[in-house]
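A.B. asks: Just dropping this structure here.
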Amino acid sequence: MRFIRFIALWLILCVLAAAVLEYAYRNYQTQAYQLFNKYYRKATTVEKLYIGNSHVGVFGALYPEQAAEVGNMSLGGQDIYRMCTVIKTVVPKSPKLKRIYMGLDYDLLGYNQTKNGEEYLDRAYFPYTGEMYNDNFTNRLMSKSNFFRANRDMAYLFSRNKAPKEINFIPVATVSTPKDTAVKITTTDSGITPAATTLPAAAHKKMDPFMCSKRAKEHTLLKYKEKYIAENLRYLLSIIEICKKHGVELVFFCPPKTTCYMAGSDKTNIENAKHTIDSFTVANHATYLDFYGSPLFNDDMFVDFDHLNPAGTAILNDTLTAFK
């Protein structure tokens, strides 16, 4: 009898603890919550959508949330599967959408976000997309939990200011920029004007070759697996079909990288991925703009090893929007 009472008491304590956690995290805003809610506030007016990982998230410097005609559904580390589910979800809800710019880095072809330790995003995105890469009973159950959608962020319990953290697309500390130099934005698309007419240009800086090479190898070697290529191609094909169905023009593009990043990347994987993407886009009559080694960009246009600064982003944006 004592054992039964002990088990019953333990179960009661577990249920109470779960209830307390769910209540404490009731207002927690996941990254998926921020992305979808910001987008849905202007979904009926969005004409141009940027989507990708943090390399595409930098376009937020040009088009903030107030830009009613432009949406950005990018998130650091976002893979092709996640982008496919997002596009499948938001395109039918965007009646004025004309063009999607999707970042397609070479290494994304062999990358799987869930299998690289970010399965919690399956649960965070599920309430919006209705899809999970690992779709099982346990994940579906946890997707209903505020605590587990928050990825068990215990620091949130002890934070006095529980305001949501803004999504940070730049994982490396940025370098300060001089205020007396600027690059002018000149291109507009369908009457859409960027948030500012001038943006600061970064001062010349020297990057740490070891850390740059380490980051490049992380993307192109450690996280790149050939076994994911076939399924990622299927997701890309699905994206193409969704856009065709809804009359939306789709532009895939590879963002530029710094000299040291390109030097540190795994050459075999990069070459194979580039060849596969080129073959796939040609076979499916898709547009793919490749800026990987473009002479339009130099190292002073980056805040770190692989993320453009506002001036570099403006040049990339001009080139993309000028494409017809």
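The values are calculated or read from the model by the stated rules, or taken from the named source; none is laboratory data. Bear in mind the structure is a predicted one, so any value in this text is a computation, not a measurement. Virtual Cβ from ideal backbone geometry, glycine too; neighbours counted across all protein chains shown. Heavy atoms of the whole protein, side chains included, go into the accessibility calculation; ligands, DNA and RNA do not. Shrake-Rupley method; radii C 1.70, N 1.55, O 1.52, S 1.80 Å.
A.B. asks: Mind putting a number on the dipole of the range 10-114 about its Cα centre? Charges go on the C-beta only, +1 for Lys and Arg and -1 for Asp and Glu, and I need it in Debye to the nearest 20.
C.D. replies: In debye, rounded to 20, the range 10-114 gives about 460.
A.B. asks: What relative contact order, as a whole-number percentage, does the chain give when Cα pairs under 8 Å and 6 or more residues apart are counted?
C.D. replies: In percent, rounded to a whole number, it is 23.
A.B. asks: Which residues' amide hydrogens lie under 5 Å from the amide hydrogen of LEU289, considering only partners 5 or more residues apart or on another chain, with H built in the peptide plane?
C.D. replies: PHE252, PHE253, CYS254
A.B. asks: At a threshold of 8 angstrom on Cα-Cα distance, excluding pairs fewer than six apart, so keeping six or more, what relative contact order does the range 214-324 reach in percent?
C.D. replies: Across the range 214-324, relative contact order equals 32 percent.
A.B. asks: Return the single residue from GLY52, GLY312, GLY293 with maximal mean-square fluctuation; model: Gaussian network over the chain, springs between Cα atoms under 10 Å.
C.D. replies: Taking springs between Cα atoms under 10 Å, the residue moving most is GLY293.
A.B. asks: Oh, and also: Using helices alone, I'd like the mean residue ellipticity at 222 nm for the chain: each DSSP H run of four-plus residues gives -39500 (n - 2.57), total over residue count, nearest 500.
C.D. replies: -12000 deg cm²/dmol
A.B. asks: Just how large is the dipole of the chain about the Cα centre, in debye to the nearest 20, putting +1 at every Lys and Arg Cβ and -1 at every Asp and Glu Cβ?
C.D. replies: Computed about the Cα centre, the dipole is about 1140 debye.
A.B. asks: If contacts are Cα pairs under 8 angstrom and at least 6 residues apart, what is the relative contact order of the range 75-148 in percent?
C.D. replies: That works out to 30 percent.
A.B. asks: With every protein chain left in place, what is the accessible area per residue of the chain in square angstrom, probe 1.4 Å?
C.D. replies: Ligands and nucleic acids excluded, the result is 50 Å² per residue.
A.B. asks: Right, another one. When the Karplus curve 6.51 cos²θ - 1.76 cosθ + 1.60 is applied with θ = phi - 60°, which whole-Hz ³J(HN,Hα) does each residue of the range 31-47 get, with x for Gly and Pro?
C.D. replies: 4, 5, 4, 4, 4, 5, 5, 5, 5, 5, 5, 9, 4, 6, 10, 5, 10
A.B. asks: Looking only at MET207, MET154, MET102, which one moves most when the chain is put into a Gaussian network model with springs between Cα atoms under 10 Å?
C.D. replies: For the chain, modelled as a Gaussian network with Cα springs under 10 Å, the answer is MET154.
A.B. asks: Which one of MET211, ASN72, TYR288 has its Cα pushed farthest toward the positive end of the charge dipole of the chain, where Lys and Arg give +1 and Asp and Glu give -1 at the Cβ?
C.D. replies: Looking along the dipole axis, the top candidate is ASN72.
A.B. asks: So if we plug the beta-carbon distance of ALA155 and SER238 into 1/(1 + (r/R0)^6) with R0 = 45 Å, what FRET efficiency do we get, rounded to 0.05?
C.D. replies: 0.75
A.B. asks: Protein chains only, probe 1.4 Å: how do THR85, THR287 rank by accessible area, largest first?
C.D. replies: If we order THR85, THR287 from most to least accessible, we get THR287, THR85.
A.B. asks: Right, another one. Ignoring ligands, DNA and RNA, what percent of the accessible area of the chain is carbon or sulfur (1.4 Å)?
C.D. replies: 59
A.B. asks: Quickly work out the GLU226-to-LYS214 label distance, labels modelled 7 Å from Cα along the C-beta direction, and quote it in nm with one decimal.
C.D. replies: With each label point 7 Å from Cα toward Cβ, the separation is 2.9 nm.
A.B. asks: Sticking with this structure for a sec: Please determine, in degrees from 0 to 90 and to the nearest 10, the orientation of helix 80-90 with respect to the longest principal axis defined by the Cα atoms of the chain, where the helix direction is its Cα long axis.
C.D. replies: 80
A.B. asks: Set the bar at 19 Å for Cα to Cα. Now go through LYS206/LYS257; LYS214/LYS257; LYS115/LYS244 and name every pair that lies beyond it.
C.D. replies: Violating the 19 Å limit, Cα to Cα: LYS115/LYS244.
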